[in-house]
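Enquirer: Would you mind keeping the following structure in view while I ask a few things?
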Amino acid sequence: MATTTIETNGDKEWTPESENDVKLKAALETVLVTSPKSVITRSPDGQSNRFILQTHGYQDLYLYVTEGIKFEDSVENFEKTYARKSFAKVHDIDAGAYDQLRDTTINIALHCKDFNKTGLGRLTIAANGAVSFAEYAVGLLKEKKDISLYDALQVLLDKKYQESDKDRAYEEALETAQLAVMGLRESAQDNAKDTKEMIDLLHNFLLNTINDHKAVQIVKQNWITGPLDPVTGKRKLTSDGKEQIPYGSVLSAEVQRLQNEITLSTINKNLNYDEWKKSRKRSIGMAVAGIFVWWVFIGTGVEAFNAGEAKAEYDRLVAKIVEDNKDMADVVKALELERALANHFEVLLPKMETALKALTELHALFQEQDLNFKNINNYLASLARGVGATGWAARKAWIENAIDQAVETFTEIKELGQEFSRGAVPEIIPF
């Protein structure tokens, strides 16, 4: 581990003179300086610091999960929302495309819903744990008078104990220091356990997401880029030797066809409505004039239309427009789905991996605090041995300033962690 320079207000740098002091300094340096700083990172603009989870993909992960849970999570629901018949044109080309799209969507939804229930909220809990630990550390390191490590060390590092026997004040200070150190160790242990559980959940979710991503890549290939031949690995060819267009383009063409059908049906519907109204009006006029011709319209220059037939054709066209609009809406939904799946994974996996890395570093903080506070506790009783007069003063100054630096760092961790928690839920823009 690289040596960390601690400002000692002009005092000489502490150079340990015994094996115990070498180990004590290393342990203090870890818990007070290097490990706390590891969970503070610079913001993208380099102008300020941030809590480690904030700069390593939490919001991207949050958006992925909260959007993923909106997908259909069962065969029944999927096939109700995305009718198989809407994919008929694609089915004629690839009989398995619909099932692959359905199964991929369902898997993403199920994985996101499971992680949403078991893991997503625990990321902010991990941040809250860091906040609580930081607040606890600030108190027990210095701010809680009479029970802080700093106050206890003022007695334990008093130079008089280098030459005189330990008195009651020394024993009480040693007990206070040990209680403070062990309290911090126990808090670190609890947080290490919590973050380890969170790491396991996030790691499993990442593995599921990697598999989902592979499935989505197939969706993207089939529907956006263009399907591949499973044997040659090259673009699939049509019966006439041309490259098969993407299935999304097939559906887009179907949308256009339906739109044209709706436009034509609307024109014909309006014409038939006019014919029906004119026929009805003329037949009523004939009846009033004493001529009883029921619903007959005699056209001039065109084939005669029976009013009943005109009305029937009008009704048929209305029904067809309704049906075509529904079919078009279903096809549009299908297009939106495959695009949503492709967008859902855009640059996501690297950010999930960095989120996992960040959580692992947070876990490492608590592990190092646990281990090194244990070591510090073992060395507290031997503070008065193996140190010369010059080394005594340098050690005292170094430890005091290291504690001051730790208090400053843990205070920043607390503030940054609170800032992260307050803004942990990002604004969600629907697909």
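Enquirer: Given a 1.4 Å probe and the protein chains all in place, what does the accessible area of Lys357 round to, in Å² to the nearest 10?
Expert: 110
Enquirer: Just how much of Asp165 is accessible, in Å², when a 1.4 Å probe is used and the result is rounded to the nearest 10?
Expert: Roughly 140 Å² of Asp165 is accessible to a 1.4 Å probe.
Enquirer: Can you work out ³J(HN,Hα) from phi for every residue in the range 69-82, in order, using Karplus 6.51 cos²θ - 1.76 cosθ + 1.60 and θ = phi - 60°, giving whole Hz and x for Gly and Pro?
Expert: So the J values, rounded to whole Hz, are 6, 7, 5, 5, 10, 8, 4, 4, 5, 4, 6, 6, 7, 10.
Enquirer: On a straight-distance basis, which aspartates and glutamates could pair with Lys144 in a cross-link, Cα separation under 17 angstrom, same-chain partners fewer than 8 positions away excluded?
Expert: List returned: Glu135, Glu172, Glu175, Glu400, Asp404, Glu408.
Enquirer: Under the rule a/c < 1.5 gives rounded, and otherwise a/b versus b/c splits prolate from oblate, where does the range 127-207 land using the Cα gyration tensor?
Expert: The shape class here is prolate.
Enquirer: Something else: Is the range 359-417 rounded, prolate or oblate when judged by the Cα gyration tensor, a ≥ b ≥ c being the square roots of its eigenvalues, rounded requiring a/c under 1.5 and prolate requiring a/b larger than b/c?
Expert: In terms of gyration-tensor shape, oblate.
Enquirer: Quick one, can you get me the convex hull of the C-alpha atoms of the range 129-272 expressed as volume per residue in Å³?
Expert: So the per-residue hull volume is 246 Å³.
Enquirer: A further question follows. Quick query: amide H of Leu228 versus all other amide H atoms, modeled in the peptide plane; which residues come in under 5 Å with a sequence gap of 5 or more or a different chain?
Expert: Lys236
Enquirer: Tell me which residues come under 5 Å, amide H to amide H, from Ile40 once H is placed; ignore anything under 5 positions away on its chain.
Expert: Residues meeting the amide H criterion: none.
Enquirer: Given Lys80/Lys113; Lys214/Lys326; Lys23/Lys357; Lys220/Lys357, which pairs have Cα atoms separated by over 22 Å?
Expert: Lys214/Lys326; Lys23/Lys357; Lys220/Lys357
The values are calculated or read from the model by the stated rules, or taken from the named source; none is laboratory data. Here the structure is a predicted model, which means the values were calculated and not measured. Accessible surface areas use protein heavy atoms only, side chains included; no ligands, DNA or RNA. Shrake-Rupley method; radii C 1.70, N 1.55, O 1.52, S 1.80 Å.
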